[in-house]
Amino acid sequence: MKDTLAAPKLALLAICAVLCLAPAARADYAVLRSGQRLHITAYETLGDTVRLTVAGGTVEIPARELVAVEPEEVFPTAPAPPQVASPYADLITAASRLYGVDAELIAGVIAVESNFNPKAVSPKFARGLMQLRPEVVAQYGVKDVFDPRQNINAGTHYLKDLLEKYNQDLTLSLAAYNAGPVRVAEYQGVPPYAETQNYVRRITQGLKKKKFAAAPPQARGLSNPAQPATQP
């Protein structure tokens, strides 16, 4: 009886020894009665035994010790992010035309607010691409705040209303978008919050760089279009 039981154990030890000597490869799994799962690249039934091909060679075990052969799970590599100015360019352009708000401004707000993550949620309960607060969601009748189209439309509409409220003053409009109109009124200007001041600076400076880069050479002070521009 001891010799009968020892044979399968010796075979399993032999398999483990081979696997330790060779690196694992992409393969299927041989599920053994003992509960072990072994990487194999092939197997063959030979009467009462099964020959397993493992990384580094082959081993034979009693057929009764092999419970199943299962495919290895392979997860696809995540695709590279698209190399475009904005992953929601079409929606931004449509909202820009509908509400008369600069598309670059909309994209700049989204970049700073959520980094183009439509599922973003802030500790202050602002949600989605343009980080709409609950009162803004209610004001503009947003049904699904995480839907990119609804979020961008409502956020752009809100930007338009703020720009009209502050006579097209971009700095005050952005400050109100970030901290709320109540705070802008309270401080009669940009609130003295580091977050709000940094927010306004990042978006306005980003817009200036884009407008400067897109301007014709003459508008950038270049007499020779072939010369590189130096931003003032």
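The values are calculated or read from the model by the stated rules, or taken from the named source; none is laboratory data. Remember, predicted model here, so these are calculated numbers, not experimental data. A quick note on method: Cβ atoms are made from the backbone with ideal geometry, for glycine too, and the neighbour counts reach across all protein chains shown.
Would you check if there is a residue in the range 109-118 being assigned to a helix (DSSP H, G or I) and small (Gly, Ala, Ser)?
yes
Which members of the range 139-169 meet the condition of being of a type in the set (S, T, N, Q), surrounded by fewer than 19 Cβ atoms within 10 Å (Cβ to Cβ) and in a helix (DSSP H, G or I)?
The one that is of a type in the set (S, T, N, Q), surrounded by fewer than 19 Cβ atoms within 10 Å (Cβ to Cβ) and in a helix (DSSP H, G or I): Gln139.
Restricting attention to the range 206-222, does a residue exist that is outside any loop (DSSP other than H, G, I, E, B), of a type outside the set (Val, Ile, Thr), modelled with pLDDT of 95 or more and under 17 Å from Ile92 (Cβ atoms)?
no
So which residues in the range 134-191 are touching a residue at least 40 places away in the same chain (Cβ under 8 Å) and of a type in the set (A, V, I, L, M, F, W, C)?
Listed by number, the residues that qualify are Ile152, Leu159, Leu163, Leu170, Leu174.
Which one of these is at pLDDT below 85, polar (S, T, N, Q) and exposed (fewer than 13 other Cβ atoms within 10 Å of the Cβ): Ser34, Ser86?
Residue meeting the stated conditions: Ser34.
Yes or no: Leu172 surrounded by 14 or more Cβ atoms within 10 Å (Cβ to Cβ) and in a loop (DSSP other than H, G, I, E, B)? Can you show your working first?
On the way: surrounded by 14 or more Cβ atoms within 10 Å (Cβ to Cβ): yes; in a loop (DSSP other than H, G, I, E, B): no.
Considered against the rule, which asks whether it is surrounded by 14 or more Cβ atoms within 10 Å (Cβ to Cβ) and in a loop (DSSP other than H, G, I, E, B), Leu172 comes out as no.
For the range 113-127, name all the residues that are surrounded by 17 or more Cβ atoms within 10 Å (Cβ to Cβ) and over 15 Å from the mean Cα position of the chain (by Cα).
Ala126, Arg127 - these are the residues of the range 113-127 that are surrounded by 17 or more Cβ atoms within 10 Å (Cβ to Cβ) and over 15 Å from the mean Cα position of the chain (by Cα).
Starting from the range 103-127, take each residue that is more than 14 Å from Leu91 (Cα to Cα) and list its partners that are of a type in the set (Phe, Trp, Tyr), counting only C-beta distances under 6 angstrom and pairs at least six apart or across chains.
Pairs that qualify, where the first residue is more than 14 Å from Leu91 (Cα to Cα) and the partner is of a type in the set (Phe, Trp, Tyr), are Lys119/Phe146.
How do the pairs read when you match residues in the range 32-53 that are of a type in the set (Phe, Trp, Tyr) with residues anywhere that are crowded, with 17+ Cβ neighbours inside 10 Å, using Cβ under 6 Å and keeping only pairs 6 or more apart or on different chains?
Here the result reads Tyr43/Val50; Tyr43/Leu52, each pair linking the range 32-53 to a residue that is crowded, with 17+ Cβ neighbours inside 10 Å.
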